[in-house]
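A.B. asks: Before anything else, here's the structure in question.
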Amino acid sequence: MTMTDLSAAAIPGPATPYQGDIARYWDHEARPVNLRLGDVDGLYHHHYGIGEVDHASLGDPEDSEHEKKVVAELHRLESAQAEVLLDHLGPIGRDDTLLDAGCGRGGSSVMAHQRFGCKVEGVTLSAKQAEFGNRRARELGIDGSVRAQVCNMLDTPFEKGQMAASWNNESSMYVDLDDLFAEHSRLLRVGGRYVTITGCWNPKYGQPSKWVSQINAHFECNIHSRREYLRAMADNRLVPQAVIDLTPDTLPYWELRATSSLVTGIEEAFLESYKDGSFQYVLIAADRV
């Protein structure tokens, strides 16, 4: 099935009232922290950053350009996170097709095409996000290879085994994991790679902490435990090849963001939960068997 064929396919919408709520949430979302960071170079992300802050690039806090430099540095860390996810997709050819599940405004989809030269299908419940991502793809002249569509990631129109690789970049906390991984397992060819980067609550803490509960309420999501990810993958023919704790790598991003003009009020919950061990930022790469 070609990109053109898929554009004519019947696209399933939200299957539950909750998914309808999430679609409306993201249709009306216009946070400066997402838009201003994306304006730096035209890659619009909906995830956080990893890596050490380049303090030398920030210059003097009294400099009139300081805040602009902070925004650029936060965006650099965001893109560095996406690069790490793409690093774990394995060998991808130009003739392959990838799935960006919960693609947002499409930043990771664009980066995947730029790296591998392949086709990338993005799905999101938000019509506004899909429209934004497709407009950016047209502006970049890659709309023949990169596309976002309004689609329930738990029930996509793609063919069985069509995808060489797929991922969720901070979007899995909006769905049931068994349903999610059943669909990824269906879409991936045998030997295909699935990658997620996500925040998850630490089962060693016992239960979700008050900070995790605040994050859930802020984003209207349901953060899963690390144990739930691994169990649901095992039940759906996805065998983990790497489980990497990125928590120490994401702390510099949050510490910098907390000092910027882009604060949203949720920074304390992220910082405190990462520091007390109740919340973790994890990459899991798994192969379809």
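The values are calculated or read from the model by the stated rules, or taken from the named source; none is laboratory data. Predicted model only: the values in this text are computed from it and were never measured. Cβ atoms come from the backbone with ideal geometry, glycine included; neighbour counts cover every protein chain shown. What goes into the accessible areas is simple: the full protein's heavy atoms, side chains included, and nothing from ligands, DNA or RNA. Shrake-Rupley method; radii C 1.70, N 1.55, O 1.52, S 1.80 Å.
A.B. asks: In deg cm²/dmol and to the nearest 500, what is the mean residue ellipticity at 222 nm of the chain if only DSSP H runs of at least 4 residues count, each as -39500 (n - 2.57), divided by the residue total?
C.D. replies: -12500 deg cm²/dmol
A.B. asks: How high is the relative contact order of region 17-288? Use alpha-carbon pairs under 8 Å, at least six apart in sequence, and give a whole percent.
C.D. replies: 20 percent
A.B. asks: Among DSSP bridges having both ends in region 17-288, what percentage is antiparallel? Round to the nearest 5.
C.D. replies: So the antiparallel bridges amount to about 45 percent of the total.
A.B. asks: Could you work out how much longer the chain between Lys210 and Ala15 gets when fully extended? Use 0.36 nm per residue separation minus the Cα distance between them, nm to one decimal.
C.D. replies: Extending this stretch completely gives an extra 67.2 nm.
A.B. asks: Could you name the lysines in cross-link range of Lys210, using Cα to Cα under 16 Å and dropping any fewer than eight places away on the same chain?
C.D. replies: Lys275
A.B. asks: What ranking of Asp176, Asp95, Asp100 comes out by heavy-atom accessible area, probe 1.4 Å, highest first?
C.D. replies: Order by accessible area, largest first: Asp95, Asp176, Asp100.
A.B. asks: Let me ask something additional. Starting from the Cα of His218, step 7 Å along the direction of its Cβ; do the same at Glu29; then give the gap between the two resulting points in nm.
C.D. replies: 1.2 nm
A.B. asks: Based on the Cβ-Cβ distance of Glu62 and Leu230, what FRET efficiency does E = 1/(1 + (r/R0)^6) give at R0 = 30 Å, to the nearest 0.05? Write out the running numbers ahead of the final one.
C.D. replies: Numbers: r = 48 Å, r/R0 = 1.61.
Rounded to the nearest 0.05, the efficiency is 0.05.
A.B. asks: A follow-up question, please. From the Cα trace of the chain, what convex hull volume per residue do you get, rounded to a whole Å³?
C.D. replies: Value for the chain: 123 Å³ per residue.
A.B. asks: Just add up the charged neighbours of Lys119: K/R +1, D/E -1, any other residue whose Cβ is under 10 Å from the Cβ of Lys119.
C.D. replies: -1
A.B. asks: Report the gain in length on full extension from Arg138 to Gln241: 0.36 nm times residue separation, minus Cα-Cα distance, nm rounded to one decimal. Intermediate values should be presented prior to the final figure.
C.D. replies: Working: separation 103, 0.36 × 103 = 37.08 nm, distance 3.56 nm.
Length difference between fully extended and current span is 33.5 nm.
A.B. asks: Something else: At what distance in angstrom do the alpha carbon centres of region 61-84 and region 204-242 lie from each other?
C.D. replies: One Cα centre to the other: 29 Å.
A.B. asks: Filter the DSSP H helices in the chain by two things, a Kyte-Doolittle mean of at least -0.5 and an axial alpha-carbon span of 24 angstrom or more, and list the hits by number.
C.D. replies: Once both thresholds are applied, what remains is 66-87.
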